[in-house]
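First comes the structure, then the notes that go with it.
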Amino acid sequence: MANVTKGAQLYEGKAKKVFATSDPELVIVDYKDDATAFNGEKKGTIVGKGVINNKMTNFMFSMLEKEGVPTHLVEELSDRETLVKKVSIVPLEVIIRNVAAGSFSKRMGVEEGKALLCPILEYSYKNDDLGDPFINDYYALALGLCTKEELDTIAKYAFKVNEFMVKFFKGIGVDLIDFKIEFGKTSDGTIILADEISPDTCRFWDSKTHEKLDKDRFRRDMGGVEEAYQEMMKRIGLNK
Ligand code: TMP
């Protein structure tokens with residue numbers, strides 16, 4: 001491990017805990033098996049999810065770094081723990097959609113699975129008390145959630161992440177329907193990709209059968225949740 005020691009817990013979220021380290025610029029994230037949906041209303045456990053999400057996120061972040069998207073990744077420490085750069089999270093859920101599904105299908109009355117003519121970039125205000133409301137660029141700027149320059153950087157990186165991931169997952173027989181990412185700001189003000197990229201935060205459909213290989217199986221009580229997460233690990237080549 002890098003030359004740091006684990007300190008006190010700083011924060012516990014729905015899926016991860018964050019710990020201080022002896023280096024003020026670094027923290028440790030610890031991925032849990034806890035799963036929630038509908039703003040925490042539905043609660044459960046997906047056995048082994050923490051390990052899978054930790055490893056998949058680090059794998060994706062390492063590849064994205066090579067594609068020119070800076071991330072918070074420093075070093076995987078264990079099955080569930082990763083050393084990352086400390087950031088202040090920009091309170092935006094940054095969503096890209098390639099195919100209609102989920103809240104888009106509900107809101108727009110478009111059948112799930114209908115291909116979109118171009119990718120959609122959308123934002124939600126990351127605020128649990130308000131249920132992460134849908135917002136646009138003007139809301140983000142007017143509320144001071146980030147600056148125009150930061151939003152431009154976020155949008156540029158989000159499309160880059162999408163372009164890379166669509167191709168990558170296509171290569172392993174998976175359609176990337178949509179996903180949510182989050183960005184953080186380091187102490188020197190640099191915007192970097194943070195949080196996670198996992199079956200919790202992406203919709204993955206088998207390219208041929210359209211079988212769901214993501215958290216929708218938990219959200220919608222479809223069964224086979226653990227198996228779907230493991231299948232994604234297997235396809236990526238990360239299974240133990
Ligand atoms: P949505 O269709 O429910 O708005 O979800 C869009 C994408 O964002 C989907 O890939 C799942 C992901 N997502 C999260 O990562 N966290 C959330 O809290 C929600 C609602 C969606």
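The values are calculated or read from the model by the stated rules, or taken from the named source; none is laboratory data. Here the structure is a predicted model, which means the values were calculated and not measured. No Cβ is skipped: glycine too gets one built from the backbone with ideal geometry, and neighbour counts run over all protein chains shown. Note: accessible area is taken over every heavy atom of the protein model, side chains too, but ligands, DNA and RNA are not part of it. Shrake-Rupley method; radii C 1.70, N 1.55, O 1.52, S 1.80 Å.
Annotations
- Yes/no for Asp188 being open to solvent by 10 Å² or more (accessible area, probe 1.4 Å), farther than 27 Å from Glu41 by Cα and more than 13 Å from the ligand (Cβ to nearest atom): yes
- Which listed residue, of Glu67, Glu122, is surrounded by 13 or more Cβ atoms within 10 Å (Cβ to Cβ), touching a residue at least 60 places away in the same chain (Cβ under 8 Å) and out of contact with any Pro (no Cβ under 6 Å at 6 or more places or on another chain): Glu67
- Scanning the stretch 103-138 for residues that are of a type in the set (Asp, Glu) and assigned to a loop (DSSP other than H, G, I, E, B) returns Glu111, Glu112, Asp132.
- Asp195 within 16 Å of the ligand (Cβ to nearest atom), of a type outside the set (A, V, I, L, M, F, W, C) and modelled with pLDDT of 95 or more: yes
- Search result, residues across the stretch 20-60 that are more than 23 Å from Lys234 (Cα to Cα) and either among the aromatic types (Phe, Trp, Tyr) or in a loop (DSSP other than H, G, I, E, B) (or both): Ser22, Asp23, Pro24, Glu25, Phe38, Asn39, Gly40, Glu41
- Filter result for the condition that a residue is within 14 Å of Ile177 (Cα to Cα) and out of contact with any Leu (no Cβ under 6 Å at 6 or more places or on another chain), over Ser88, Ser78, Ser105: Ser105
- Complete set of residues in the stretch 1-18 that are within 18 Å of Thr71 (Cα to Cα) and surrounded by 13 or more Cβ atoms within 10 Å (Cβ to Cβ): Lys16, Val18
- Selected residue [loosely packed, with under 14 Cβ neighbours inside 10 Å and either at pLDDT 95 or above or out of contact with any Lys or Arg (no Cβ under 7 Å at 6 or more places or on another chain) (or both)] from Lys42, Lys55, Lys86, Lys49: Lys42
- Residue list for the stretch 4-19, filter: in a strand (DSSP E or B) and either under 21 Å from the mean Cα position of the chain (by Cα) or within 16 Å of Asp195 (Cα to Cα) (or both): Leu10, Tyr11, Glu12, Lys16, Lys17, Val18, Phe19
- Looking only at the stretch 170-185, residues that are among the β-branched types (Val, Ile, Thr), in contact with a Phe, Trp or Tyr (Cβ under 8 Å, 6 or more places away or on another chain) and more than 9 Å from the ligand (Cβ to nearest atom) come to 1 in all.
- Answer from Val74, Val69 - the residue that is part of a loop (DSSP other than H, G, I, E, B) and not aromatic (Phe, Trp, Tyr): Val69
- Of everything listed in (1) surrounded by fewer than 18 Cβ atoms within 10 Å (Cβ to Cβ); (2) within 13 Å of the ligand (Cβ to nearest atom); (3) part of a strand (DSSP E or B), the single unmet condition for Glu93 is (1).
- Scope the stretch 80-113; condition touching a helix residue (DSSP H, G or I) at 6+ places or on another chain (Cβ under 8 Å) and basic (Lys, Arg); matching residues: Arg80, Arg97
Residue-by-condition table, conditions (1) modelled with pLDDT of 95 or more; (2) farther than 17 Å from Ile96 by Cβ; (3) surrounded by 11 or more Cβ atoms within 10 Å (Cβ to Cβ):
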site	(1), (2), (3)
Lys126	yes, no, yes
Asp132	yes, no, yes
Tyr138	yes, yes, no
Leu143	yes, yes, yes
Leu151	yes, no, yes
Phe159	yes, no, yes
Glu163	yes, no, yes
